[in-house]
Amino acid sequence: MLPDARRPEEYADAGDSPTRERGSTGRLEAFLFRGPAGNIEGLWKEPEGARAGSAVFAHPHPLHGGTLHNKVVFRAAKTLARAGYGVLRFNFRGVGLSQGRYDEGRGEASDFRAALDEAERRGGGPLLAGGFSFGSAAALRAVPGDERVRAFLGVGVPLASLRADPPPLPTVPALFVTGSEDVHGPPALLQEWARGAGRSVIVPGADHFLEGKLGALEAAIRDFLAELGGSDL
């Protein structure tokens, strides 16, 4: 635990804090774990109900204010926990209490791999990997060859800025969610890149941050997880 580093507006276990919705029942724990560039700040939420596995969900761009408390990340983690996943959110190197410096996505993919190890240690498998924007790209670069990862969730994959070096497609069941008005992850680029892999959900009228449309994100994740529940994960 991090008693000296706790910020009540972000780590409180009740009320309207960004990390815990009123009425939630799962336990929430803030802690540090080891990563390739030093300590990584993490936030672990226990599953609510029967355990389905463990998930890691990564935040948007560190140089543009992205942290584990981003509201898209929070809502995705909440939905995963309600579906039975223990969920690890974490700050990439150089963000919050995480040590190290921004590494243009290379080191951040290594941070994500360390987070997968920590999630497995805390909650066991199978593992679900995912992220929002920059975090989704880091996750896509981290998971190839990792047989523990059995599903992928990418929100707002920023393909417009990754044309020269697009991330690899996941080889496991995948959900991609983007807004119809997303200029960083336009639906046309998503469909061109995904080439029919996984399920793509386009949220009408939504921008990159799914402003005012986060309920649609939660619904898409719930539907995807319900399908996974009927498969041989």
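Listed values, structure above:
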quantity: Of the criteria (1) surrounded by fewer than 17 Cβ atoms within 10 Å (Cβ to Cβ); (2) not in a helix (DSSP H, G or I), which one R121 fails; calculated: (2)
quantity: Odd one out for P36, checked against (1) touching a Pro at 6+ places or on another chain (Cβ under 8 Å); (2) at pLDDT 95 or above; (3) not polar (S, T, N, Q); calculated: (1)
quantity: One residue from T178, T171 being without any contact (Cβ under 8 Å) to a residue 40 or more places away in the chain, in contact with a Gly (Cβ under 8 Å, 6 or more places away or on another chain) and polar (S, T, N, Q); calculated: T178
quantity: Odd one out for P144 among (1) touching a residue at least 40 places away in the same chain (Cβ under 8 Å); (2) more than 22 Å from E211 (Cβ to Cβ); (3) over 11 Å from the mean Cα position of the chain (by Cα); (4) not in a helix (DSSP H, G or I); calculated: (1)
quantity: Among the candidates S161, S136, residue that is under 22 Å from N91 (Cα atoms) and touching a Gly at 6+ places or on another chain (Cβ under 6 Å); calculated: S136
quantity: Cross-chain or 6+ apart pairs with Cβ under 6 Å, region 205-233 first and closer than 13 Å to R150 by Cα, then surrounded by fewer than 20 Cβ atoms within 10 Å (Cβ to Cβ) and at pLDDT 95 or above; calculated: L233/P126; L233/R150
quantity: Test result for D4, more than 17 Å from the chain's Cα centre (by Cα), more than 21 Å from S98 (Cα to Cα) and modelled with pLDDT under 95; calculated: no
quantity: Matching residues in region 122-135 - criterion: being out of contact with any Lys or Arg (no Cβ under 8 Å at 6 or more places or on another chain) and either aromatic (F, W, Y) or farther than 12 Å from N70 by Cβ (or both); calculated: R122, A129, G130, F132, F134
quantity: Region 52-69 residues that are at pLDDT 95 or above and assigned to a strand (DSSP E or B), paired with ones that are polar (S, T, N, Q) and surrounded by fewer than 19 Cβ atoms within 10 Å (Cβ to Cβ) (beta carbon under 9 Å, 6 or more apart); calculated: none
quantity: Check on G205, surrounded by fewer than 18 Cβ atoms within 10 Å (Cβ to Cβ) and either in contact with a Ser or Thr (Cβ under 7 Å, 6 or more places away or on another chain) or among the hydrophobic types (A, V, I, L, M, F, W, C) (or both); calculated: yes
quantity: Leading residue by the ranking (surrounded by the most Cβ atoms within 10 Å (Cβ to Cβ)) among those in region 44-63 that are more than 24 Å from F176 (Cβ to Cβ) and not small (G, A, S); calculated: W44
quantity: Cβ pairs under 7 Å, 6+ apart, first in region 86-104 and within 17 Å of H64 (Cβ to Cβ), second buried (at least 22 other Cβ atoms within 10 Å of the Cβ) and hydroxyl-bearing (S, T, Y); calculated: N91/S98; F92/S98
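The values are calculated or read from the model by the stated rules, or taken from the named source; none is laboratory data. Just so you know, these numbers come straight off a predicted model, no measurement behind them. Every residue, glycine as well, gets a Cβ built from its backbone with ideal geometry; the counts of neighbours run over all protein chains shown.
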